[in-house]
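Take a look at the structure set out below.
Since every read-out is calculated from the coordinates, none of them should be taken as a lab result. Just so it is clear, the structure is predicted and the values come from calculations on it, not from any experiment. Every residue, glycine among them, receives a Cβ derived from its backbone with ideal geometry; neighbour counts consider all protein chains shown.
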């Protein structure tokens, strides 16, 4: 008889991430990244944004392929619905960021995940974007994220995963804190 | 106290083996061990013994550790109220008596202007003349300068800005609303007393550590000490950088041993907002992460109490103490405010309970990292014969506490003695430290 240990595998290479942390501590300038999206107007409220290159680790980098995203508005906005609304894309970003964080933290804490489901809801009063009431803001007045997680862990450990993921999430930070945004015309 | 012979500044430096900078609890504890080892030393003190406790604390402040825990090498609390918490005048008395008991070689009113490498050691330049020494122990504390965010500069002129170092009591503040920024021990205590003075308080809450004053009938510090948490060493934790940045727990030392937490403040009418994130067009902006920060603190508190309960069970203590309890979750308003227009006049004063940082502007030795933080290994600075004391989690979780000084100064004085011996035998100063210690 011999005992076997079950490897926790959430598909996250924690060793590489921790290695990157060590390496970047020696060369902090390489930690500066610039992410880019280029957008072309198609027609009406329909636009097409592509993502391919970005800057990081001191040089120009490329995704393996070019990713293209159509954004539009639904028919109730008298649009043609060629894609999700831009605000829904923000929800995509938040869901993807928090969930990736959960996987990474779980791997680091040796917790095997079986399933992670997130429902992200962003509420807004469209009187803001329609310019009907200056007291109403354009953006979300509330964002609600509900996780349903099946993992080899207690409820408290799962909640701690979710808390730590928020602590290290870029999109969570972007949504909860103000950012200077400069818009220019060439 | 010995008043060193005064020389005019033009005269050659006085020579001593070790200069200790600062006559607070840590410098005095180091003096105790240096004295026992027969190492000649002086303590240079910019004011008088316990200077920060005398001059840089607010009126109502009491220590966050119970009296029985305020031990120093060769000193135990023997007063009538071991479970009580000392006021600042009481702390000053204790340290003054301790200095007297040690006959500590304190040079009062001596401000260190510069420490720089010099032949076989360091030259310490002060406003009372120079010292030449072989080793320097920095015991000037971790909390010299208030760490105030840059946006404080942009506050409109009709809003006063006050740091906890200058704050004494609510009467010095304008009438009207007060924003307290920061929700660790200082922020909670000041929010409470300012709100009670009739000035409505808004409290900006970021990451924080929630802790009850008493748990299962004992002080929380008793549990932390008994369960070994305070003795946890800096080389035993996964990420010491992170451990050193953990905010100080929300505690208050009061006569009734009550817990001061965000729920208590909410009940009294203090309004909670998220971390102060910006100031734009005269409007303060608060983070929308308040609920997340409170949830994280509640979870962390749960883990701490779980660990304490487990330790109590394993140590067979369950019958001696009250049964385990859990505290209600932190109540957060449904929609905390995200901005506050200063032009409304609602806020007349901002109190920056945003922490302190040490002042090393006089330390002219290349021992800092790119962020200006002192590089040290458990208090052994990355330059031969240079030591530091009393920084958060420096050698142990208790390093910045009064009772943390004993173990740290005992070990670092041993390291220092070994260094002096090695230097004596080698006859030269080397950058390599060959001495080791447990």
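Give me the angle, in degrees from 0 to 90, between the Cα long axis of helix B:25-36 and the longest principal axis of the Cα atoms of chain B, rounded to the nearest 10. So the inclination is approximately 30 degrees.
Axis angle, to the nearest 10 degrees, between helix A:14-26 and the longest C-alpha principal axis of chain A: 80 degrees. Roughly how many Å is it from the Cα centre of the stretch A:111-185 to that of the stretch B:78-130, as a whole number? So the separation of the two Cα centres works out to 51 Å.
Within 10 Å of each Cβ of A:170-177, how many other protein chain Cβ atoms are there on average? Could you put the intermediate results ahead of the total?
Details: counts 0, 0, 3, 3, 0, 3, 12, 9.
That works out to 4 on average.
Does chain A come out rounded, prolate or oblate, given a ≥ b ≥ c as the square roots of the eigenvalues of its C-alpha gyration tensor, rounded meaning a/c under 1.5 and, failing that, prolate meaning a/b above b/c? Prolate, since a/c reaches 1.5 and a/b exceeds b/c. With R₀ set to 45 Å, the beta-carbon distance separating residue A:37 from residue B:109 gives a calculated FRET efficiency near 0.10.
Evaluated at q = 0.07, 0.11, 0.12 Å⁻¹, a Debye calculation over the C-alpha positions of the protein assembly as shown (equal weights, vacuum) places log10 I(q)/I(0) at -0.56, -1.26, -1.41. Distance from the C-alpha centroid of the stretch B:296-315 to that of the stretch B:352-415: 29 Å, rounded to the whole angstrom. Mean per-residue shielding of peptide A:138-149 is 1, counting Cβ atoms of other chains within 10 Å of each Cβ. The simple Förster model, with R0 at 45 Å and r as the Cβ-Cβ distance, assigns residue B:339 and residue A:24 a FRET efficiency of 0.85. Taking a ≥ b ≥ c as the square roots of the eigenvalues of the alpha carbon gyration tensor, the stretch A:38-144 is oblate, as a/c is not under 1.5 and a/b does not beat b/c.
Distance between the modelled labels on residue B:268 and residue A:70, one decimal in nanometres: 6.0 nm (7 Å Cα→Cβ projection). Put simply, when B:73-86, B:184-197, B:19-32, B:112-125 are sorted by average Cβ atoms within 10 angstrom per residue, most first, you get B:19-32, B:184-197, B:112-125, B:73-86.
Against chain B, whose longest principal axis comes from its Cα atoms, helix B:185-196 is set at around 50 degrees.
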